[in-house]
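Following: one structure in structure tokens, then a few remarks.
The values are calculated or read from the model by the stated rules, or taken from the named source; none is laboratory data. Note that the coordinates shown come from a computational prediction; the quantities given were computed from them, not determined experimentally. Positions of Cβ are generated from backbone atoms using ideal geometry, with glycine treated the same way; all protein chains shown enter the neighbour counts.
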Amino acid sequence: MYAIFEDSGTQIKVNVGDIVDLDTRAVEDGVTSISFDKVLAVGAGDGTAAKLGMPYLAGATVTADVVGEAKGDKLRTGKYKRRKGYRRQAGHRAEYLRVKITAIKAA
């Protein structure tokens with residue numbers, strides 16, 4: 001079974017057991033589970049028709065356990081102006097919240 005849900009303006013396709021990196025958010029201490037209710041589609045994955053929402057499926061949820069925080073790969077950017085001796089470099093590393101999908105509930 002798979003689901004497509006929306007989180008922070010991003011559509012994510014997941015199966016049960018997948019580990020996904022989401023945008024960083026404030027999670028209170030002791031919270032180990034997150035539920036997503038903006039589910040766009042749920043399918044069985046065996047070729048049968050998927051349930052589609054307009055835009056969201058009523059009553060459908062995706063539940064995930066918080067694994068921890070993670071950092072993405074380092075991205076390097078640079079500026080350069082020819083013949084001027086001007087070079088600048090900067091780096092960036094995005095922070096993510098890593099979750100493991102535990103349940104998909106279709107309406």
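Here are a few things to note about the model shown:
- Here ARG98, ARG83 are screened, and the one residue that is part of a loop (DSSP other than H, G, I, E, B) and of a type in the set (Lys, Arg) is ARG83.
- Among the candidates ASP37, ASP29, residue that is at pLDDT below 95 and either surrounded by 10 or more Cβ atoms within 10 Å (Cβ to Cβ) or on the phi > 0 side of the Ramachandran plot (or both): ASP37
- Test result for GLY17, out of contact with any Asp or Glu (no Cβ under 9 Å at 6 or more places or on another chain), at positive phi, not in a loop (DSSP other than H, G, I, E, B) and not basic (Lys, Arg): no
- Positions within the range 26-62 being outside any loop (DSSP other than H, G, I, E, B), hydrophobic (A, V, I, L, M, F, W, C) and more than 14 Å from ILE12 (Cα to Cα), in sequence order: ILE34, LEU52
- The single residue among VAL66, VAL62, VAL42 that is surrounded by 14 or more Cβ atoms within 10 Å (Cβ to Cβ), hydrophobic (A, V, I, L, M, F, W, C) and in contact (Cβ under 8 Å) with a residue 60 or more places away in the chain turns out to be VAL42.
- Residue in the range 71-89 that is under 19 Å from the mean Cα position of the chain (by Cα) and in contact (Cβ under 8 Å) with a residue 24 or more places away in the chain present: yes
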